[in-house]
Structure formats: C-alpha cells, structure tokens
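Notes for the one structure printed next.
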Amino acid sequence: MWRSVSTLALAPSSIKQSLGLVLSGLLGLSVLSWPAESVFLWPAFIVLVPAFYCLARWAQSNLPLFCTLSTNGDLRWHQDELPAGHLVTGSIICRFGVWLCWQDLQGKPQKIWLFCDQLSEADFRLLGRYCQQLRWQQAG
C-alpha cells in the first residue's frame, strides 16, 4: 500500500567529512609548495585561515534529522533548519547522492546536496522515485 507521507531519516555524512579533510589538505599542501621567500605567503595565510575554518564548518554542518515527503511533492524539514516547500524539477540523483531542489513557501528556489551515506538505502531509493516521478509528471 502506498503511503501518503514518507519520513526520511538523515544521518551525518562520513563522505562529507572526508571530502572536507581532503580539500583542507590540498589547500595546505598548495601553500607549502611555494618558495619560503615568496611575497605571497603572508597574504595566503590571511586567506587560508578563514578558508580552513569554512571548510571545517561545512564538513561538520548537520542537517535536520528527519524530512517528510508527501506523494504530491510537499517537503518539510523537521527542526525548521531548512524551509518547507514543494519539490521541483531539477533534482539530480547519482551514485554519490542527491542534488535536491525545492521551492519554499515564499517561492524562492532552495537546493541542498544529500550524500548517499546520509540516507538508508531504502530512503535513498524512495527519494529517487519521488524526484523521478516529478520529472515524468513535468515532461508529460
């Protein structure tokens, strides 16, 4: 039996944390490869400290623990960290995750990347079906 509302549980992503660590390492190694007498080391340091901070915050940012989807495409994030709205076409499903596009209640477009390890396999497939069904409805 098809349910009218589905709740998707989200978890912290180890892929996102690993990606943040790799990007931070590459950023740091790029500066270490410069000559020691380079005039750009001090300005690079001033730029890199906030960049490392932003990468660390991005890698550790948490999403709400649950989101609710209805069969007509209504989307609601629990704990009100992200605006509720309605799924729109443009969502992309791939092996590594979902680029989820929705329109909030004020009509502004919203987008978020959900890594595949943030959702259970069943929830990942369910979200993919919702996005694909929306794409088919818009095409027809």
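The alpha carbon radius of gyration of the chain, expressed as a multiple of 2.2 N^0.38 Å, is 1.34.
Among 94, 131, 54, a tally of other beta-carbon atoms within 10 Å of each Cβ gives an order, fewest to most, of 94, 54, 131. What is the angle, in °, between the Cα long axis of helix 41-60 and the longest principal axis of the Cα atoms in the chain? Nearest 10 is fine, range 0 to 90. Orientation of helix 41-60: about 30 degrees from the principal axis. For the pair the stretch 73-134 / the stretch 1-55, the C-alpha centres are spaced 23 Å from each other.
Computed over the chain, the per-residue total of -39500 (n - 2.57) for DSSP H runs of n ≥ 4 gives a 222 nm mean residue ellipticity of -14000 deg cm²/dmol, rounded to 500. Counting 0.36 nm for each residue step from residue 74 to residue 122 and taking away their Cα separation leaves a gain of 15.4 nm. Net charge of the neighbourhood of residue 123, taken over other residues with C-beta under 12 Å away and scored Lys/Arg +1, Asp/Glu -1, is 0. When the P(r) of the stretch 14-60 is calculated, the portion above 17 Å amounts to 36% of the C-alpha pairs. A DSSP coil position with no more than 13 other Cβ atoms inside 10 Å describes the following chymotrypsin sites (Phe, Trp or Tyr not before Pro) in the stretch 62-122: 96.
All of the numbers you see were taken from the coordinates with simple rules; none came from a lab. These numbers were taken from a predicted model, which means no experiment stands behind them. Methodologically, a virtual Cβ is constructed for each residue, glycine included, from the backbone with ideal geometry; neighbour enumeration extends over all protein chains shown.
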